[in-house]
């Protein structure tokens, strides 16, 4: 007869089945044949458990337990996104992402060499050869007066590009591209070139906007090729089973296929962003977290229709490939000189945990100052733009404001030499030789850096950061 152990096992099986599939209907439990037709594993398992309770005189089951219906496990796990059966679109997408990531990594390598190395040519010009390695070159008023003229000239170039060549005032940055997973290749070219000129002229901006826009635009074009390749593979898989699908109508997309291709395009753009930022962030993991966190889980799955685990798997490939290619060629470029740290600079101690908490609080306070500076700068420049639009017209205003902005960040760079550029050129000196730089210089440079960033952003490379 059934023992207490058997009853406990039966109860566990029943609970697991009901938790996965819900309670069976009375009609399903009434007829085992109907169980198979309904395809409800809970009913089938229920029947199998009940059969185990039917024993003969010797205490043996009268009939063997009935297994769950065919397809129950697949129903529990869901449709596999990397199926080993045709049409293999996941693998086509993945191969395309590998090629895309390697290509964008090489593009980023060239882009970063330009935006980081060109400023060094004039930052260390005659009279400042020791900048910034010598801490004495980072103190107040130790910059080169020529930097003011270079900043103003950069403003002229940026103003002409925006006002007369590309004819745009401001543009959406890479954050908007990540939120919408959309990118306009033509606009991306304009943004990338404008940012490139700004960065070569010492604007206090990072490379992420121009780099992200360029890689997003190229990814949008690449998505067209990937969609055609996937469509070819899908049609070939269908035609092998049905000759009728080889007609011309088979090449025309249905509404469902259009939705699939739209989602794939968004995936390719997102993978391109991950590939781009994997070359400027410490690890691919941090890049993937950034690019997933900005749009958010619900937006990715519900609004954009991207399966979460499948998307994460392909973004992991994109970030890893990009990072490996970039790191492999990094030491063969001018960027290798950026590795200035001599090794471990600090011996870990338990008290570092509390010091870290302090720096976290301090970082939040500085973030508040950062946004206050942003609000003030935006308010002043916004009113100035409205006034100048009425006086001189939009195109001339764009040029004039860019010149004023370039002159301002060049002048502030002369007074506070640590504020020019994105900071990567100076950070090695601050970390290694910070003890030889006065606290007044470091603290004031931090706050002035916030100001020069927003001046550069609002007067030249205007981006929708907020």
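FYI, it's all coordinate maths here, none of it is from the lab. Keep in mind that this is a model prediction, so the values were computed, not measured. Virtual Cβ from ideal backbone geometry, glycine too; neighbours counted across all protein chains shown.
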Quick calc: nm separation of the 7 Å Cα→Cβ label points for residue 262 and residue 446 -> 4.7 nm
One finds, for residue 355 and residue 113 with R0 = 41 angstrom and r their Cβ-Cβ distance, a FRET efficiency to the nearest 0.05 of 0.70
Under the 7 Å Cα-to-Cβ spin-label approximation, residue 233 and residue 79 lie apart by a distance in nanometres of 1.6 nm
Quick calc: nm separation of the 7 Å Cα→Cβ label points for residue 372 and residue 134 -> 3.7 nm
From fewest to most C-beta neighbours within 10 Å, the residues 111, 348, 414 line up as 348, 414, 111
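So for 454, 222, fewest C-beta neighbours within 10 Å to most, what's the order?
Details: 454 25, 222 22.
Taking fewest neighbouring Cβ atoms as first place, the list is 222, 454.
Between residue 164 and residue 293, what's the calculated FRET efficiency when r is the beta-carbon distance and R0 is 51 Å? Round to 0.05.
After rounding, the FRET efficiency stands at 0.85.
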Taking the square root of 5λ for each eigenvalue of the C-alpha gyration tensor of the stretch 85-466, the equivalent ellipsoid has semi-axes, largest first and in whole angstrom, of 42, 26, 19
